[in-house]
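To start, the structure under review is shown below, and the notes come after it.
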Amino acid sequence: MFDEIMEKFEGSPSQQAVIRLLLERGFSVNDDGRVVSGGIEIPNTGIAREIGVDRRVVDSTTDVILEDPELRRIFQNISQVPSLMDLAPVLDLTVLSVAVQNAEQEGIVAEVTGTLADNGISIRQTISEDPEFTDEPKLYLIADGDLPGKVITEIRDLEFVRKIELQ
């Protein structure tokens with residue numbers, strides 16, 4: 001799906017940058033063509049500054065979004081999910097990131113979360129990057145406290161795991 005969206009902006013790398021930012025941040029586009037997070041409007045100048053484009057590029061991108069029924073449906077329904085990852089050190093949580101061989105393989109989340117549950121580890125949040133929207137998707141698990149070495153080894157030894165990191 002990500003590739004299909006980006007193809008619609010194939011002739012404009014600047015507009016692709018706007019699309020990428022909207023998707024990464026979970027920003028929507030309202031009926032007036034304004035970029036919003038929930039009901040809060042995000043100034044086009046701020047978006048433009050963030051990605052190094054002119055604010056008119058943001059305007060033209062939102063115009064294209066509203067004119068295309070498929071894009072309109074996507075960008076009027078996207079939403080942001082708050083993440084505990086940046087708060088983990090403050091809240092004494094552990095962030096485990098898992099990179100896998102094939103992110104489209106079934107059962108990855110179930111097997112990793114099952115391993116944690118089998119070892120009595122409480123999971124506070126799970127974030128799974130969509131392979132459609134990122135080149136190297138990861139699974140992030142935010143858990144209470146430290147993870148014992150035994151659990152880390154069990155997860156590392158799962159057949160689909162390419163790499164794990166603790167934060």
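Filter the stretch 26-51 down to the residues that are among the polar types (S, T, N, Q) and touching a Lys or Arg at 6+ places or on another chain (Cβ under 7 Å), then identify the one that is surrounded by the fewest Cβ atoms within 10 Å (Cβ to Cβ). Quick ask: steps written out before the conclusion?
Here is the first cut: in the stretch 26-51, the ones among the polar types (S, T, N, Q) are 28, 30, 37, 44-45.
Remaining after also requiring touching a Lys or Arg at 6+ places or on another chain (Cβ under 7 Å): 44-45.
Values: Asn44: 21, Thr45: 11.
Checked the stretch 26-51; the qualifying residue surrounded by the fewest Cβ atoms within 10 Å (Cβ to Cβ) is Thr45.
Out of the residues in the stretch 1-25 that are out of contact with any helix residue (DSSP H, G or I) (no Cβ under 7 Å at 6 or more places or on another chain) and not charged (D, E, K, R), which is most open to solvent (accessible area, probe 1.4 Å)?
So the first thing to find is which residues in the stretch 1-25 are out of contact with any helix residue (DSSP H, G or I) (no Cβ under 7 Å at 6 or more places or on another chain), and the list is 1-4, 7, 10-13, 20, 23-25.
With not charged (D, E, K, R) added as a condition, the list becomes 1-2, 11-13, 23.
Numbers: Met1: 67, Phe2: 27, Gly11: 80, Ser12: 29, Pro13: 97, Leu23: 30 Å².
Among residues in the stretch 1-25 that are out of contact with any helix residue (DSSP H, G or I) (no Cβ under 7 Å at 6 or more places or on another chain) and not charged (D, E, K, R), the one most open to solvent (accessible area, probe 1.4 Å) is Pro13.
Looking at the stretch 52-167, what helices (runs of 4 or more DSSP H) fall wholly within it and have at least 3 residues that are open to solvent by less than 30 Å² (accessible area, probe 1.4 Å)? Show your work before the answer.
Numbers: elements: 55-67, 69-75, 108-118, 149-156.
So the answer is 55-67, 108-118.
In the stretch 2-36, what residues are at negative phi and in a loop (DSSP other than H, G, I, E, B)?
Lys8, Phe9, Glu10, Gly11, Ser12, Phe27, Asn30, Asp31, Asp32, Arg34
Do you know which residues across the stretch 123-148 are at pLDDT 95 or above and either small (Gly, Ala, Ser) or on the phi > 0 side of the Ramachandran plot (or both)?
Ala143 - this is the single residue of the stretch 123-148 that is at pLDDT 95 or above and either small (Gly, Ala, Ser) or on the phi > 0 side of the Ramachandran plot (or both).
The values are calculated or read from the model by the stated rules, or taken from the named source; none is laboratory data. Note that the coordinates shown come from a computational prediction; the quantities given were computed from them, not determined experimentally. Note: ideal-geometry Cβ built from the backbone for every residue, glycine included; neighbour counts use all protein chains shown. In case anyone asks, the SASA skips ligands and DNA or RNA and just uses the protein heavy atoms, side chains included. Shrake-Rupley method; radii C 1.70, N 1.55, O 1.52, S 1.80 Å.
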